[in-house]
Ligand code: 76R
């Protein structure tokens, strides 16, 4: 058996997708719409403030295309807190105008490909930079950048291309080359990689944040040519969206 990486887990993640029933929205009396907006804004503000938990982060995005209209992303220390956030949404007057076409559950993860010493518990060999880097991966802030892309992905398990039967060293080398490409996008793209093994239909959820949608397209495209993705990447559906402040919910719904 190939040696699995050691991993550390951080915050749990829910990508909560919602479609709006636009016909019902247009037909609803103004008073009902006002209440829905009011409760929707309050819900989003409360969760962006993380009033419901010790720590975490949340944000809301409008999603382009037919797959969804809204994506609310929650990071929380426990799966239970995510479940509470999801159910709390259902109790708002906004929820009756929405459906949940899909969702994604994962947990942030750092593996020892990043730093052996950290996982060996060798305190002295781990510098402050690495420590901060790992902390930032496990408890990610949601940046202010406007655009987001979310997609789930796997590493292949096929006869000729099986990531899980590569040696630890081979995987580590591939991810190091992958990281070299990633670092070219420093300052332009922030990525959150969260494991969904045992939780959802793919192995990771990838969330990319960027100020320019073309940078999102570029990093995904460039990585396609890199061996870790070219040979072993397998991708689910993509969702692209734009962040908005909770107070803009009414403007979004009334378009
Ligand atoms: O130490 C290093 O050099 C590598 C650090 C690193 C690891 C271990 C790293 C860096 N990633 C790692 C692991 Mn990544 N990443 C993705 C995607 O669309 C695609 O083809 C892939 C989606 C992007 C865009 C991205 C970006 N990465 C992983 C893993 C887990 C593999 C495992 O554990 O088996 C996946 C699934 C994955 C996917 N990665 C980076 C980036 C960027 C921008 C970096 C460099 C910046 C940074 O380290 O934050």
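Bear in mind these aren't lab numbers, they're just calculated from the coordinates by the rules spelled out. What you see is a predicted model; the values in this text were computed from it and never measured. Every residue, glycine among them, receives a Cβ derived from its backbone with ideal geometry; neighbour counts consider all protein chains shown.
Annotations for the structure displayed:
- Between helix 79-90 and the chain: long-axis angle, C-alpha atoms, 0 to 90°, nearest 10: 20
- Selected from 211, 187, 56 as most flexible by GNM, with the chain as the system and alpha-carbon contacts under 10 Å: 187
- Entry note, the chain: the mean residue ellipticity at 222 nm calculated from DSSP H runs of n ≥ 4, each adding -39500 (n - 2.57), is -10500 deg cm²/dmol after division by the residues and rounding to the nearest 500.
- Angle between the chain longest axis and helix 128-138 axis [Cα atoms, degrees, rounded to 10]: 50
- Segments 168-179, 9-20, 108-119 sorted - mean Cβ within 10 Å per residue, highest first: 9-20, 108-119, 168-179
- Residue 52/residue 127 FRET efficiency (R0 30 Å; Cβ-Cβ; nearest 0.05): 0.30
- Working note: Cα gyration tensor of the chain, eigenvalues times five, square-rooted, sorted largest first, giving semi-axes of 35, 20, 16 Å.
- Cα gyration tensor, the range 162-215 - rounded (a/c under 1.5), prolate or oblate: oblate
- Prolate/oblate/rounded call for the range 123-212, Cα gyration tensor, a/c under 1.5 rounded: oblate
- Judged by the gyration tensor of its Cα atoms, with axes a ≥ b ≥ c, the range 12-61 is oblate; a/c meets the 1.5 cut and b/c is at least as large as a/b.
- The range 120-135 and the range 155-206 have Cα centres lying 21 Å from one another.
- Legend: Rg and Dmax of the range 58-145, from Cα coordinates, 17.8, 55 Å.
- The chain: angle of helix 30-48 to the longest principal axis, Cα-based, in degrees nearest 10: 30
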